[in-house]
Amino acid sequence: MDEQSARKLIVEIGKLMYDKGYVTSSDGNISYRLGENLILATPTQVSKGRMIEDVMALTDLEGKPLNDKRVSSEIQMHLLIYRMRPDVNAVCHAHVPHGTAFAAAGLSIDAPILSEVILTLGCVPLTAYGTPSTSELTDSLKPYVEHHNALLLENHGVVAYGKDLWQAFDRLETLEHTAKIAILAKILGGANNLPKDAIEKLINIREKAGYLTEAARCQACGYLEHTDIKCSLDAESVNNGNSNGAKISFTREELIDLLNQAVSLQN
Ligand SMILES: [Zn+2]
C-alpha cells in the first residue's frame with residue numbers, strides 16, 4: 001500500500017476506534033510498515049477521532065524520527081512487534097473497555113468458549129505490567145509476540161497486529177467483542193467450554209484455511225491445554241531462547257548429575 005493510502009486508512013481506522021469507544025482523549029495509537037525500515041504512525045497527543053492525513057509521523061525501526069511530527073511515546077511497543085514479526089505490517093493499540101477490564105483484573109482471554117475466536121484470533125495472553133513508553137513494557141511483551149496476534153497489557157490496555165491495517169483492526173475488534181461476551185456470559189452464570197474434539201477440529205480448520213499458522217499452536221495460554229494437539233516448534237523455540245521466558249540452563253556437572261539421578265531412578 002502506498003503512503004497516501006496508508007495515511008487515509010489510519011485516519012479512517014482512528015475514527016472507527018474512537019466511535020466504537022475503544023479509545024478516549026488521545027489514547028491509543030496505530031502504525032503501518034511502509035517499507036523495510038520505514039514506519040508510519042499516529043502522533044503523540046492527538047485524538048484518534050479527529051486526525052487528518054498530514055499529522056502522521058515517520059520513523060525508522062529504531063524509532064528515529066524521519067519527519068517533523070512527534071510520534072506517540074508508545075511507538076517502541078509497535079517497533080518491537082515489527083522487529084520480531086516480519087509478517088506483521090500493522091499494529092493497533094487501544095484501551096478497549098472490556099478487553100482492558102480483563103487486563104485490569106489480571107486475566108487472559110483464553111477460555112475456549114467461541115468457535116470463531118479459536119479459528120481467527122487464538123487466545124489472548126496477559127502480559128505483565130510495565131510502565132508505558134519504557135523498556136519495562138516491551139520486555140514483558142517479548143515472550144508473547146511471536147505466537148500471538150493480540151496481547152493484553154496488564155493495568156493498561158491491549159495491542160493487536162496483522163498483515164495489514166484492516167487485519168490488525170479486525171483482531172482488535174474480535175478481542176473486544178470476545179471480552180464483552182465472556183463478561184456477559186459470566187453474569188448469566190458462566191460460559192461452557194467447547195469440548196476437546198471441537199477445539200481440535202477448529203485448530204485443524206484454521207491451519208488448513210490459513211487463518212492462523214502452526215505457530216499459533218505454541219500460544220502461551222489457553223486452548224491447547226484442552227487438546228492433544230502439540231506445538232511442534234517448542235524445541236526450536238527453546239533453542240532460540242523464545243520459550244515464553246522458560247529458559248533453563250545447566251552447567252555440564254549439573255547436567256551429568258541430573259542424568260545420573262534419572263538413571264538411578266529407572267533402575
Ligand atoms: Zn496505551
The chain - accessible surface per residue (Å², probe 1.4 Å)
51
I need the shape label for segment 127-192. Rule: rounded when a/c is under 1.5, else prolate if a/b > b/c, else oblate, with a, b, c from the alpha carbon gyration tensor.
oblate
A 1.4 Å probe over the protein heavy atoms gives segment 128-175 a carbon and sulfur accessible-area percentage of 47
Potential lengthening between Glu62 and Lys180 on full extension [0.36 nm per residue; Cα-Cα distance subtracted]:
38.9 nm
Given the rule -39500 (n - 2.57) for each run of at least 4 DSSP H residues, summed and divided by the residues of the chain, what is its mean residue ellipticity at 222 nm, to the nearest 500 deg cm²/dmol?
-13000 deg cm²/dmol
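Just to confirm the filter: which GluC sites (Glu not before Pro) across segment 1-77 are DSSP coil and have at most 12 other Cβ within 10 angstrom of their Cβ? Walk me through the intermediate numbers first.
Working: sites: Glu3, Glu12, Glu36, Glu53, Glu62, Glu74; in loops: Glu36, Glu62, Glu74.
Qualifying residues, ordered by number: Glu36, Glu62.
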As straight-line cross-link partners of Lys201, the qualifying aspartates and glutamates (C-alpha separation under 18 Å, not fewer than 8 residues apart within one chain) are Asp110, Glu116, Glu214, Glu225, Asp228
Working from Cα positions, state the angle (0 to 90°, nearest 10) between the long axis of helix 165-187 and the longest principal axis of the chain.
60
Just to be sure I understand: of the beta bridges DSSP finds with both ends in the chain, what percent are antiparallel, rounded to 5?
90
Helix axis angle, 196-209 relative to the chain longest principal axis, alpha carbon, degrees:
50
Which loop-located trypsin sites (Lys or Arg not before Pro) does segment 48-150 contain, where loop means any DSSP state but H, G, I, E or B and the Cβ has at most 16 other Cβ atoms within 10 Å?
Arg50, Arg70
Relative to the longest principal axis of the chain, what angle (0 to 90°, nearest 10) does the C-alpha long axis of helix 135-145 take?
60
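Decide, for segment 111-241, between rounded, prolate and oblate: order the square roots of the alpha carbon gyration tensor eigenvalues as a ≥ b ≥ c, take rounded if a/c falls under 1.5, and otherwise choose prolate if a/b is larger than b/c, else oblate.
Oblate, because a/c is 1.5 or more while a/b does not exceed b/c.
Could you please state how large a percent of the accessible area of segment 38-91 is carbon and sulfur, counting protein chains only and using a 1.4 Å probe? It would help to have the intermediate numbers written out before the result.
Working: 1210 of 2400 Å².
Ligands and nucleic acids excluded, carbon and sulfur give 50 percent.
Which of the pairs Lys64/Lys208; Lys142/Lys180; Lys64/Lys142; Lys64/Lys180 have their Cα atoms more than 30 Å apart in this structure? Intermediate results must be reported in sequence, preceding the final value.
On the way: Lys64/Lys208 40 Å; Lys142/Lys180 26 Å; Lys64/Lys142 21 Å; Lys64/Lys180 38 Å.
Violating the 30 Å limit, Cα to Cα: Lys64/Lys208; Lys64/Lys180.
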Compute, for Cys218, the solvent-accessible surface of its heavy atoms (probe 1.4 Å) with the complete set of protein chains present, and express it in square angstrom to the nearest 10.
10
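The values are calculated or read from the model by the stated rules, or taken from the named source; none is laboratory data. In this text, all values refer to a predicted model and were calculated from it rather than measured experimentally. Here Cβ is always computed from backbone atoms with ideal geometry, including for glycine, and neighbour counts include all displayed protein chains. With ligands, DNA and RNA removed, areas are computed over all heavy atoms of the protein, side chains included. Shrake-Rupley method; radii C 1.70, N 1.55, O 1.52, S 1.80 Å.
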